[in-house]
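Written below as structure tokens is the structure these notes are about.
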Amino acid sequence: MGLMDYISNNAETNEKHTNRNLRTRYYRTSYNKLKNTIIDYANEKDYIVNNIDDQHGEIFIQTTKFHLIITLLQVNSLETSVNIKVQTYKILGLNKPQRVIENLYTFLNQKEQFKGIGLHP
């Protein structure tokens, strides 16, 4: 992780990210079950779920300090991918966006059956 990653106020996961912690995660579950698990996470943390777009597989969650856009894609009947974009409302992120992503992935790993990281590059 470089200095720019540390001070950036946003972070996004993708399939081939250079930082292994910010790669797409896959879970052995259905889209709807994973969506409900993410909504449970938001409710547990007192985050506001502003929008759920099932057509595009996106969930928009907002707090007073940052917002998340979570994209779910059902790859096959028992495999769903999760990508997350976080943007904080401060000028300097100080690694907060990456910590938010890691906390959500940790929660999902505990609640759902983890399959792998970056499986379909």
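Every number in this text was worked out from the coordinates using simple rules, so none of it is lab data. Predicted model, so just to flag it, every value in this text is computed and none were measured. With ideal geometry, Cβ positions are generated from the backbone for all residues, glycine too; neighbour counts draw on all protein chains shown.
Pairs K90/K111; K33/K90; K35/K115; K35/K90; K16/K115: which exceed 26 Å Cα-Cα?
In this structure, K90/K111; K33/K90; K35/K90 exceed 26 Å between Cα atoms.
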(Q) Explain nothing, just compute: Karplus ³J(HN,Hα) = 6.51 cos²θ - 1.76 cosθ + 1.60, θ = phi - 60°, for every residue of the stretch 5-15 in order, whole Hz, x for Gly and Pro. (A) 5, 5, 8, 5, 9, 9, 8, 9, 8, 7, 4
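How much of the DSSP bridge set in the chain is antiparallel, in percent, rounded to the nearest 5?
Antiparallel: roughly 95 percent of the beta bridges in the chain.
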Q: Estimate the FRET efficiency between E15 and N109 by the formula 1/(1 + (r/R0)^6), using the beta-carbon distance for r and 22 Å for R0, to the nearest 0.05.
A: 0.75
Q: Quickly work out the L78-to-E102 label distance, labels modelled 7 Å from Cα along the C-beta direction, and quote it in nm with one decimal.
A: 3.2
**Q.** Nearest-20 debye value, the stretch 42-121 charge dipole, Cβ charges on Lys, Arg, Asp, Glu
**A.** 420
Q) By how many nm would the segment from S30 to N50 grow when fully extended, if each residue of separation counts as 0.36 nm and the alpha-carbon distance is taken off? A) 5.0 nm
(Q) On the Cα set of the chain, report Rg and Dmax in Å, please. (A) 13.7, 41
Q) Taking the stretch 29-111, which trypsin sites (Lys or Arg not before Pro) meet the DSSP loop condition and have no more than 12 other C-beta atoms within 10 Å? A) K65, K90
Q) Are there chymotrypsin sites (Phe, Trp or Tyr not before Pro) in the stretch 25-121 that DSSP marks as loop and that have at most 16 other Cβ atoms within 10 Å, and which are they? A) Y89
Q.
With an 8 Å Cα cut-off and a minimum separation of 6 or more residues, compute the relative contact order for the chain in percent.
A. 38
